[in-house]
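First the structure, in the form of structure tokens, and then the observations on it.
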Amino acid sequence: MRQRKFGLSGPDVAVIGQGTWYIDRGDRRSAVAALRLGVDLGMTHIDTAEMYGDAEPVIAEAIAGRRDDIFLVSKVLPSNASRRGTITACERSLARLKTDRLDCYLLHWRGSYPLAETVAAFEELISTGKIRSWGVSNFDTGDLDEMLAVAGKGKIACNQVLYHLRERAIEHAVIPWCEAHGVAVVAYSPFGHDDFPQPRSKGGEILQAIADAHSASPRQVALSFLTRMPSVFAIPKASSAEHAAENAAAGELVFSDDEIAAIDKAFPRGPRARSLPML
């Protein structure tokens with residue numbers, strides 16, 4: 001599994017990680033097995049959130065005895081993102097994850113509490129060793145500008161945003177902003193939300209042709225394309241060990257310029273959106 005630096009001064013982190021939204025809604029044993037195999041295959045970046053129901057306890061079971069191998073991320077809801085509320089939410093997540101620290105803690109999206117309150121909480125959590133870094137999710141460039149002004153250079157570790165073949169709006173401004181400021185970009189829902197290109201569609205046929213040339217699958221091609229830029233990571237969810245293995249293998253694919261151009265043409269990024277797309 002390829003790794004790259006996570007943010008301006010973060011550790012090297014697997015390019016392909018593991019998302020856990022809805023992971024608590026299926027068979028628990030299957031979910032735990034998928035997470036464990038993913039870790040075995042190098043997908044040591046595991047992302048979750050307090051909003052994700054019982055995902056945190058599922059992760060706790062999956063990483064038991066392996067915490068030091070994991071880059072563990074969770075998120076605070078905007079409704080909890082006051083200074084005291086953020087600290088309480090983090091402590092609650094730590095208890096559910098059965099760990100003493102998070103590697104990165106994110107504000108899930110922009111809410112009504114002043115950013116200064118949330119940042120103060122993040123910095124206090126760092127000083128007490130409960131988190132090692134912090135970042136944001138679903139922030140457009142204007143929000144990022146405000147957060148930078150509040151926190152200062154080098155503090156924002158990442159921005160987690162919606163990014164898949166049919167939704168490439170972040171390429172216009174968000175990715176360039178993050179690259180200019182040393183902020184990692186983490187793509188959630190990289191296969192779309194039940195919207196992956198159908199095999200018989202024009203785009204699906206191009207994905208399949210490139211996949212065949214690399215003895216890969218169309219989903220592996222999509223993951224590799226989305227993480228082609230040096231700042232971008234992806235966190236697909238896998239509900240089975242088979243899917244986890246498929247996702248992990250995408251971290252080794254390398255495409256030619258012509259193949260990247262073909263995917264780019266089949267799935268154009270389109271005009272810049274008026275507001276940041278999110279789920």
Exercise for the section: Of the listed pairs K5/K98; K130/K237; K130/K153; K202/K237; K5/K265, which have alpha-carbon separations greater than 23 Å here? Expected result: K5/K98; K130/K237; K202/K237; K5/K265
Fill in the blank from the handout: Comparing G204, G65, G182 in a Gaussian network model of the chain (Cα, 10 Å), the one with the largest mean-square fluctuation is G65
Problem - Å² per residue, accessible surface of the chain at 1.4 Å - result: 43
Handout entry: Carbon and sulfur %, accessible surface of the stretch 136-279 computed with the full protein complex present, 1.4 Å
Key = 50
Exercise for the section: Calculate the dipole size of the stretch 225-279 relative to its Cα centre from +1 charges on Lys and Arg beta carbons and -1 charges on Asp and Glu beta carbons; express the result in debye to the nearest 20. Expected result: 500
Practice task
Please list the non-local residues whose amide H lies under 5 Å from the amide H of K237, H modeled 1.01 Å from N, same-chain partners needing a gap of 5 or more.
Solution key: G19
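Pop out the carbon and sulfur fraction of the accessible area of the stretch 1-130 as a percent, whole number, probe 1.4 Å. Intermediate results must be reported in sequence, preceding the final value.
On the way: 2620 of 5370 Å².
The computed percentage sits at 49.
Classify the stretch 195-279 from the C-alpha gyration tensor, please: rounded if a/c falls under 1.5, else prolate or oblate depending on whether a/b exceeds b/c.
Numbers: a/c = 1.44, a/b = 1.15, b/c = 1.25.
It comes out rounded by the Cα gyration axes.
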Problem - Residue among L102, L41, L165 with the largest mean-square fluctuation in a Gaussian network model of the chain, springs linking Cα atoms under 10 Å - result: L41
Exercise for the section: Find how much the distance from D27 to A273 grows on full extension, using 0.36 nm per residue of separation minus their present alpha carbon separation; answer in nm with one decimal. Expected result: 84.8 nm
Practice task
List the relative contact order of the stretch 161-262 as a percent without decimals, with contacts defined as Cα pairs under 8 Å and 6+ residues apart.
Solution key: 29
Exercise for the section: Extending each Cα 7 Å along its Cβ direction at D257 and D68, get the distance between those two points in nm, one decimal. Expected result: 4.5
Fill in the blank from the handout: Under 5 Å from the placed amide H of H45, counting only residues 5+ away or on other chains, we find A14, Q18, F71
Problem - Cβ-based charge dipole, the chain, positive-most Cα from I131, F267, V186 - result: I131
Exercise for the section: Treating the angle as unsigned and between 0 and 90°, give the value, to the nearest 10°, between the Cα long axis of helix 115-127 and the longest Cα principal axis of the chain. Expected result: 80
Exercise for the section: Please figure out what share of the DSSP beta bridges in the chain is antiparallel and state it in percent, rounded to the nearest 5. Expected result: 15
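For R228 and R84, what does the FRET efficiency come to when R0 = 41 Å and r is the distance between their Cβ atoms, rounded to the nearest 0.05? Display every interim value, and only then the final one.
Numbers: r = 41 Å, r/R0 = 1.01.
For R0 = 41 Å, the calculated efficiency reads 0.50.
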Completion exercise
Label model pair R92, H243: point-to-point distance (7 angstrom along the Cα→beta-carbon line) in nm is 2.7
Problem - Label-point gap, in nm, between E146 and S112 - each point 7 angstrom along Cα→Cβ - result: 1.4
Practice task
Quickly estimate the mean residue ellipticity at 222 nm for the chain, helices only: each DSSP H run with n ≥ 4 gives -39500 (n - 2.57), and the total goes over all residues, rounded to 500.
Solution key: -11500 deg cm²/dmol
Handout entry: Label corresponding to Rg/Rh (Cα atoms, Kirkwood Rh) when calculated from the structure given, among [x] 0.98; [y] 0.96; [z] 0.93
Key = [y]
Handout entry: Max mean-square fluctuation residue, GNM over the chain, Cα-Cα springs under 10 Å, options A149, A222, A95
Key = A149
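The values are calculated or read from the model by the stated rules, or taken from the named source; none is laboratory data. Keep in mind it's a predicted model, so treat the numbers as computed, not measured. Because the Cβ atoms are built from the backbone with ideal geometry, glycine has one as well, and the counts that use them run over all protein chains shown. All accessible areas refer to the heavy atoms of the entire protein, side chains included, with ligands and DNA or RNA removed. Shrake-Rupley method; radii C 1.70, N 1.55, O 1.52, S 1.80 Å.
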